[in-house]
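K.L.:
Encoded as structure tokens, here's the structure I'll be asking about.
Quick note: the coordinates plus some simple rules give every number you see, no bench work behind them. Small disclaimer: the values here were computed from a predicted structure and weren't measured. Backbone-built Cβ (ideal geometry, glycine too); neighbour counts: all protein chains shown.
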Amino acid sequence: MTIAHLLEDFGPAASAEGLKQMVTEDALEDLQLGAFEEGYSAGWDDAVSAQGKDRLRVGESLSNSLEDLSFTYQEAHSQLTAELDPLFGCLTKKVLPDAMAKTFGQHVVDALKEMAKNQLDQPAVLLVPPGAADLVETALDQDFSMPVELREDPSLDSGQAYIRVGGAERELNSDRLLSTMSELIEAYIFQAKEEKWHG
């Protein structure tokens, strides 16, 4: 659609009537409104396009950042695990066995107290490995008022004890506990190393 009919023709063939023809106010308003709508629509389309490009750029940037973060976490986890490996080894082979040996008597007495809570009138028998009676007896004298028959049993290994109160029995085995802890730590270290190699 052209607007030639709205404008004055200054060409050589223009008639006197064509020279007098003017653009009306309504027609001018329609032209301005059409131009505004066309400009507004073009601006809106540009804004939507720019927003879409920004979203795509932000999404790609976020994806890259998450990949970097994941990689950094994996590296940090692997490095921490590698550094903790000797510490865990020392803990399960030296520190915990020494600590358990030193507190063996107290652990046995604590277990005996737990079992005897509601059975104070029942006979209590405590079997410990050879050489452990002195440690347990010292703890018994300090913390236990109930009479307990304490015997050393040569069939028990270091770190083992059997407690009997009435008809209830319980075994304490710190060596088995240490072995289980050591196995769990070794499995954790192995799994962490596997994840490092296989992602």
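K.L.:
Over region 24-199, what is the relative contact order in percent, taking alpha-carbon pairs closer than 8 angstrom and at least six residues apart?
P.N.:
After rounding, I find 22 percent.
K.L.:
Can you tell which of Q119, S65, H77 lies farthest toward the positive end of the dipole of region 50-174, using +1 and -1 charges on the Cβ of basic and acidic side chains (Lys, Arg; Asp, Glu)?
P.N.:
S65
K.L.:
Quick one: grab the alpha carbon gyration tensor of region 24-199, order the square roots of its eigenvalues as a ≥ b ≥ c, and give me rounded if a/c is under 1.5, else prolate or oblate depending on whether a/b is larger than b/c.
P.N.:
Prolate, because a/c is 1.5 or more and a/b exceeds b/c.
K.L.:
Among the aspartates and glutamates, which fall within straight-line cross-link reach of K102, defined as a Cα-Cα distance under 19 Å, with same-chain neighbours fewer than 8 residues apart omitted?
P.N.:
Once the sequence-local aspartates and glutamates are set aside, what remains near K102 is D110, D134, E137, D141, D143, E152, D157, E171, D175.
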